[in-house]
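What follows is calculated from the coordinates using simple rules that are stated; it is not laboratory data. Not measured: the values here are computed from a predicted model. Positions of Cβ are backbone-derived with ideal geometry, glycine not excepted, and every protein chain shown enters the neighbour counts.
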Amino acid sequence: VIAQETDGKGVDIVIDFVGEPYFARNIASLAHGGRLVQVGILGGGGEVSVDLETILYRHIQIIGTVMKSRAQAEKHAMVQRFREHWLNRFSGGRRLEPVVDSTFPLASAADAHRRMESSANV
């Protein structure tokens, strides 16, 4: 779909929360000089295989980051930067509409986590 929508050029950036199940497809969908930002491994397992020639010859950057291991002050600073530089872009008639896969009552929180851990959610 990415190749079709971009006339084979690919996208400049992929931000992925899932990891291993999508890694190869994410790399394939990147444009020359594209960046993959890996921010989670919700898909389980953190090991992937990658063709280094693809990374090198297409000048792809792979960036890994998580909020969990950061100090609280750093997390607050990141949220503040997002608020200052990006949040206003969702105003002025433009709407940010999340895709809600499913909802659970608080008493079923464990069921909600199992749904995410099994990658059954969207």
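Taking θ as phi - 60° and the Karplus parameters 6.51, -1.76 and 1.60, the scalar couplings of segment 5-19 work out to 6, 10, 6, x, 7, x, 9, 6, 8, 10, 10, 10, 9, 8, x Hz in sequence order, x denoting glycine and proline.
Converting phi to 3J(HN,Hα) with the Karplus coefficients 6.51, -1.76 and 1.60 and the offset θ = phi - 60°, segment 63-78 yields 10, x, 7, 9, 7, 3, 8, 8, 5, 4, 4, 5, 4, 4, 5, 5 Hz in sequence order, with x at every glycine or proline. Amide hydrogen proximity for Leu30: with H placed 1.01 Å from N in the peptide plane, the residues at 5 or more positions away or on another chain lying under 5 Å are Val11. Across the chain, C-alpha contacts under 8 Å between residues 6 or more apart give a mean separation that, scaled by the residue count, equals a relative contact order of 20 percent. Projecting the Cα atoms of Ile13, Leu106, Ser49 onto the charge dipole of the chain, computed from C-beta unit charges around the Cα centre, puts Leu106 farthest toward the positive end. Within segment 38-122, the proportion of C-alpha pairs whose separation exceeds 20 Å stands at 65%. Express in % the proportion of alpha carbon pairs of segment 1-66 at distances exceeding 17 Å. So the pairs more than 17 Å apart make up 37 percent of the total in segment 1-66.
Applying 1/(1 + (r/R0)^6) with r as the Cβ-Cβ distance of Glu5 and Arg81 and R0 = 25 angstrom yields a FRET efficiency of 0.25. Put a plus charge on the Cβ of each Lys and Arg, a minus charge on the Cβ of each Asp and Glu, and nothing anywhere else: the dipole of the chain about its Cα centre is then about 540 debye. Amide H contacts under 5 Å for Ile62: Leu36, restricted to partners 5 or more places along the chain or on a different chain, H placed in the peptide plane at 1.01 Å from N. Summary of the geometry: segment 67-122 and segment 1-41, compared by the centres of their Cα atoms, lie 20 Å apart.
Only DSSP H runs of four or more residues enter the estimate; each adds -39500 (n - 2.57), and after division by the residues of the chain the mean residue ellipticity at 222 nm equals -8500 deg cm²/dmol.
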